[in-house]
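Below is one structure; the comments refer to it alone.
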Amino acid sequence: MTHQFVLVLDFGGQYNQLIARRVRECGVYCEVHPYSTPLEKIKEMNPIGIIFTGGPNSVYDENSPKVDPAIFEMGVPILGLCYGCQLTAQLLGGSVKSAPNKEFGKTETRFNNQSKVFGNLPESGITWMSHNDYVDAMPTGFTSVAQTDDCPVAAMENAERKIYCFQYHPEVNHTENGIKMIRNFLFEVCGAKGDWSMGDYAKTAVENIRKQVGNGKVLLALSGGVDSSVVAKLLEKAVGSQLTCIFVDHGLMRKNEGDEVEAVFAGGPVNFVRVNAGERFLAKLAGVTEPEKKRKIIGEEFIRVFEEEGKKIGKVDFLAQGTIYPDVIESGAGDAAVIKSHHNVGGLPDYVDFKEIVEPLRLLFKDEVRALGKELGLPDYLVWRQPFPGPGLAIRVIGEITEEKLSILRDADWIFRDEIAKAGLDRDINQYFAVLTNMRSVGVMGDGRTYDYTLALRGVTTTDFMTANWARIPYEVLEKASSRIINEVSGINRIVYDITSKPPATIEWE
Ligand code: XMP
């Protein structure tokens, strides 16, 4: 191990990977291991600090997860969070009880900023609490360094032994200055130097892939989205020509997108197969207007195309996937190796004959994936690509899909995105696009009457895409986009901006 290392011991809480990600944000290398990791192994890892995560259990339950109390004798700084705080209190001779007033959510908290972990931070602020139990009596040698109205030990420390405990969750955004508290623990208590970066992650990921794959053949379904593109680039660096990427171009991509993906990956060393299947998809979609039916047809056809190409390649040893950590949470998979259904289309082609999955992004969050993509030298237009639905423009052309309508939409959408980028709003608005409605209306252009389509523009701000606000795009930007689209794209004579949030609307129109 060439870097300083922080060990996160996992007690089953929901924020475990988030803690790891916060440590990485501070430039410190870190890994999450199960609470049951033997002490000898922990010693071999030689951590500069250990963080105990939260967890759903009560420490006084018979089968609740525990650690060997000798861990406290190692002299390595320890930070216990929530369950980890209560466990520390119990193992060191304090007592934990069901709290008379449970605390959930944002809680006003007072801090003693003589403590190293709260140094240079305000004396009070909001913390995110989520607990039924609390520390009723601290172990000998500990003092309370934070309190709330209902919790006399919101944080405790034994500075001499370098043991710190928070009842709340510093890792979530709701805790004001939570990341600074973690940083203080790392830098002021553990002596971290911040000697790790995303470049190091890339190196380690490449080495791990080489170890896993050996001389094997790897297959990747490349969609051109951020995740699969970053996986492709990592595998390219790791195993080069052992990788085959199949890129099914269903003809429903945005303007130039297919060519952009090809430009990055074609020409070696990976075997890049682009299947131009646009006509096939359009034929299947002819006359179909119902959104779910469109999705289903596209999903099924994607699998057929992939299947045909897969057969040409024959047996592969590994299937690579761009699963990222939020997908792992969504699929409720925990640590289990679940194959994520292709997030863009129906499901994974189950005929593909392979023995193992390669998922090098499994522990990363979206913005870390982007940082890694940048580190690997992917161009901004791939790294910053916004989420794009698998069925593509098919669900942004309302009603029947024709090549003519797709072409109108591609051009209009490109202009809108161009204007958003020129206005410097492309990183602020999380998703923005045009929709070609099925409505025609009367207009006047020059001296003539027109009867053309209405185009809708949509822009949303969101963190999780489960809820979203319509983006307050400045009028001047909308005006510029509107006049350019009308002037440069024929077939559209009216443009509206969608001012519904989600809920009640969804982000896409279909
Ligand atoms: P909605 O429209 O449900 O969209 O508010 C939420 C997010 O999901 C994307 N989306 C899809 N992604 N296949 C996908 O891979 C789909 O069928 C699909 N439908 C919506 C949408 O673009 C937004 O980011």
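The values are calculated or read from the model by the stated rules, or taken from the named source; none is laboratory data. Computed from a predicted model, the values in this text were never measured in an experiment. Glycine also receives a Cβ, built like all others from the backbone with ideal geometry; neighbour counts cover every protein chain displayed. The protein model used for the area step is the full one, side chains on, heavy atoms only, and it has no ligands, DNA or RNA in it. Shrake-Rupley method; radii C 1.70, N 1.55, O 1.52, S 1.80 Å.
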Note to self: Probe of 1.4 angstrom, ligands and nucleic acids ignored: what's the accessible area per residue over the chain, in square angstrom?
What the structure shows: 44
Notebook entry, point to check: Do any trypsin sites (Lys or Arg not before Pro) in the range 50-132 lie in a DSSP loop with no more than 15 other beta carbon atoms within 10 Å, and if so, which?
Noted result: Lys66
Notebook entry, point to check: Just from its helices, what would the mean residue ellipticity at 222 nm be for the chain, if runs of 4 or more DSSP H residues each count -39500 (n - 2.57) and the sum is divided by every residue, rounded to the nearest 500 deg cm²/dmol?
Noted result: -9500 deg cm²/dmol
Next item on the list: Extending each Cα 7 Å along its Cβ direction at Ser407 and Glu508, get the distance between those two points in nm, one decimal.
Entry: 2.5
Next item on the list: Calculate the all-directions average of the projected area of the range 198-383's alpha-carbon convex hull, and give it in nm².
Entry: 10.6
Next item on the list: Write out the cysteines belonging to the chain for which the nearest other cysteine Cβ is not under 4.7 Å, or none if no such cysteine exists.
Entry: Cys26, Cys30, Cys82, Cys151, Cys190, Cys245
Notebook entry, point to check: What size of dipole, in debye to the nearest 20, comes out for the chain about its Cα centre when the only charges are +1 on Lys and Arg C-beta atoms and -1 on Asp and Glu C-beta atoms?
Noted result: 520
Check: So which GluC sites (Glu not before Pro) in the range 96-179 end up in coil per DSSP with only 11 or fewer other C-beta atoms within 10 Å?
Finding: Glu123, Glu160
Note to self: Can you give me the convex hull volume of the Cα atoms of the chain, divided per residue and expressed in Å³?
What the structure shows: 170
Margin query: Placing unit charges on C-beta atoms (Lys and Arg positive, Asp and Glu negative, everything else neutral), compute the dipole magnitude of the range 91-152 about its Cα centre in debye, rounded to 20.
Written below: 140
Notebook entry, point to check: Roughly what would the spin-label model give for Asn112 and Thr204, points 7 Å off Cα along C-beta, in nm?
Noted result: 3.5
Check: What does the accessible area of His33 come to, in Å² to the nearest 10, when a probe of 1.4 Å is used?
Finding: 40
Item checked: Mean projection area, nm², convex hull over Cα of the range 139-209 -> 7.0
Margin query: As a test of the definition: which semi-axes, in Å, follow for the range 116-259 when you take the square root of five times each eigenvalue of its alpha carbon gyration tensor? Largest first, please.
Written below: 47, 20, 14
Check: Can you list the equivalent-ellipsoid semi-axes of the range 403-497, largest first and in whole Å, using the square root of 5 times each Cα gyration tensor eigenvalue?
Finding: 25, 14, 11
Check: Per residue, what volume in Å³ does the Cα convex hull of the range 5-189 take up?
Finding: 98
Item checked: Separation of the Glu40 and Lys374 label points, Cα + 7 Å toward Cβ, nm -> 4.4
